[in-house]
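Remarks on the structure that follows.
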Amino acid sequence: MNFAVLQFPASNCDQDAVHAARLLGHSARLIWHKDSSLGAADAVIVPGGFSYGDYLRCGAIARFSPVMQAVKQFADNGGLVLGICNGFQVLCEAHLLPGALIRNRSLQFRCEQIFLKTVAHDSPFTSQIPAGKVLRVPIAHGEGCYFADADALAQLKANRQILWQYCTADGAVTDAANPNGAIENIAGVCNARRNVAGLMPHPERACEPLLGSTDGRLIFEGMIQTLTTKSAALAA
């Protein structure tokens, strides 16, 4: 499978995403923000960092990059798109995902290991996560507090678009386990079609024992399994 990893000025997790994809045995290449084509991409990763220096709002300038038109077209055609941290912010700003990311309630940058509960397993991004398994992955953000108004939140719940929530090590969703004040502990969501997802934690930084956790691999493995199944169906 071919992963396209976007690269904006001040991206700093793009190489991590490339490394994670290659670690899982698949190809990955960087796509510069001024490019207008994704090439032969099977999936797109919008990585973390500080695109355009996080001026205005996080992701607010990146949404206007030429490459984002290609990403939107790719998503409209059913392609898998995963936004991580700043990438999640970019996808929300581009209206490919609902809601918004605002300042952490502590008004401080949070860089630590957290735990995630998977809320919905019927998406390409969560299908390989065993039921009941709590993921241990790192966060590193200052504006990771997910917000959606009452109507949007109701729609997220009705469509089961909430994919992950911050939780304790034993899976309890508590305020103490919420590192940024996100509404209802939401750490990640998907679109209604379930082919675009975003999360604030960094699964690409939890893909090998050296980093202290391999739980992040499960998210990428879900994408790979979905793509493999799709490819087999097209070949049949």
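Quick notes on this one:
- The H on the amide N of G188, modeled in the peptide plane, is under 5 Å from the matching H of L163, W164, each at least 5 residues off or on a different chain.
- Counted residue by residue at 0.36 nm each, then reduced by the alpha carbon distance between them, the extension gain from F109 to D151 reaches 12.2 nm.
- In the chain, Cα pairs under 8 Å separated by at least six residues give a relative contact order of 19 percent.
- Coarse-grained scattering of the range 2-235 at q = 0.15, 0.16, 0.17 Å⁻¹, given as base-10 log I(q)/I(0) from a Debye sum over alpha-carbon atoms: -0.94, -1.10, -1.26
- Geometric extent, Cα atoms of the range 104-235 - Rg, Dmax (angstrom): 14.8, 51
- The mean of 1/r over all pairs of different alpha-carbon atoms in the range 120-180, once inverted, gives a Kirkwood hydrodynamic radius of 13.3 Å.
- Here H121, H141, H33 are placed in order of increasing Cβ neighbour count within 10 Å, fewest first, which gives H121, H33, H141.
- C92, C145 arranged by Cβ crowding within 10 Å, fewest neighbours leading: C145, C92
No lab work stands behind these numbers, since they all come straight from the coordinates. All values derive from a computational prediction rather than experimental measurement. FYI the Cβ positions are ideal-geometry reconstructions off the backbone, even for glycines, and counts take in every protein chain you see.
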